[in-house]
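Beneath this line is the structure, given in structure tokens, with notes to follow.
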Amino acid sequence: MAAQGLSVFPITPSSSATSQSCRRPFEQCLSFNLSKSFVGTKLSIQPSGFCLIASRRRSSTVATISFSLPTTTAEGIGSDKKPKWSARSIKSFAMAELEARKLKYPNTGTEALLMGILVEGTSLAAKFLRENGVTLFKVREETVKLLGKSDLYFFSPEHPPLTEPAQRALNWAVEEKLKSGESGEITTAHLLLGVWSEKESAGHKILAALGFDDDKANELSKTMDKDIILSFK
């Protein structure tokens, strides 16, 4: 990818003609927009070519992560009817692995799934947690209190394997989506309520310590099939 970035700026002998030709590739990669406001005229420059490359990188990353997410093992359901994970739940899962690595834990547990949802931060589930006083800083603090710190010289694997409670939480999310009979994707709310369903897990204990309870879980379940509400006001 570095070669593609450097190819935008070709090196040629200096002359007026060649300097104009050198500008053209760069101009093609940028879009200019002049707009006026009450403070004056603004010039915005947007690298359109690089945005395309970045979007391709993001799509390939999501595709890689999605293979590590669980699917239902229920019989009699074709692959075309199996629910898919939403983009926010996939990113939350990826962030959960990263949080486990930051804390140098050997596995991705329910506490890491909880932190992953908060790190992603844009879903309804993450916003619901913050509105009820469950923040990333507090969850990290409670995690260290509950599970302790890892050895200084221990390094987590690139993809820390799921603990049994975390795997059951993910499976619960898939099964709950199938039971609902609703169309759409498995959201971060499914993931969060899956963590809450594991009563003996670290994630459940941390949520309970921070004031999350069954009433709040029931409230969240009402919007479980949505990851975000779009407003066009």
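The values are calculated or read from the model by the stated rules, or taken from the named source; none is laboratory data. Treat the numbers as computed from the prediction; the structure is a model and nothing was measured. As a convention, Cβ positions derive from the backbone with ideal geometry for all residues, glycine included, and neighbour counts pool all protein chains shown. Quick note on the areas: whole protein, heavy atoms, side chains included, nothing else; ligands and nucleic acids left out. Shrake-Rupley method; radii C 1.70, N 1.55, O 1.52, S 1.80 Å.
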*Counting only residues 5 or more places away or on other chains, whose amide H sits under 5 Å from the amide H of ILE186 once H atoms are built in the peptide plane?*
LYS84, TRP85, SER86
_Pairs from LYS91/LYS226; LYS138/LYS222; LYS84/LYS177 whose Cα-Cα separation, in the structure shown, is over 21 Å_ = LYS138/LYS222
*What ³J(HN,Hα) values, in whole Hz, does the Karplus curve 6.51 cos²θ - 1.76 cosθ + 1.60 give for region 212-218 when θ = phi - 60°, with x put for Gly and Pro?*
7, 9, 5, 5, 5, 5, 5
*When all protein chains stay in place, what accessible area (Å², nearest 10, 1.4 Å probe) is found for PHE128?*
20
*Listed residues GLU142, GLU164, GLU182 arranged by accessible area, highest first, probe 1.4 Å*: GLU164, GLU182, GLU142
*Considering only protein heavy atoms, what is the solvent-accessible area of ASP225 at a probe of 1.4 Å, reported in Å² to the nearest 10?*
70
_Tail beyond 27 Å, pair distance distribution of region 88-233 (Cα, percent)_ = 16
*What list of ³J(HN,Hα) couplings, whole Hz, do you get for region 181-187 from phi and the Karplus terms 6.51, -1.76, 1.60, once you set θ to phi - 60° and write x for glycine and proline?*
x, 7, 7, x, 9, 7, 9
*Under 5 Å between amide H atoms, partner at least 5 residues away or on a different chain: which partners does LEU162 have, H built in plane at 1.01 Å?*
THR108
*Would you mind counting up the charge near ASP214? Only other residues with Cβ under 15 Å from its Cβ, with Lys and Arg at +1 and Asp and Glu at -1.*
0
_Just want to confirm a number: the relative contact order over region 142-233, from Cα pairs under 8 angstrom separated by 6+ residues, in percent._
29
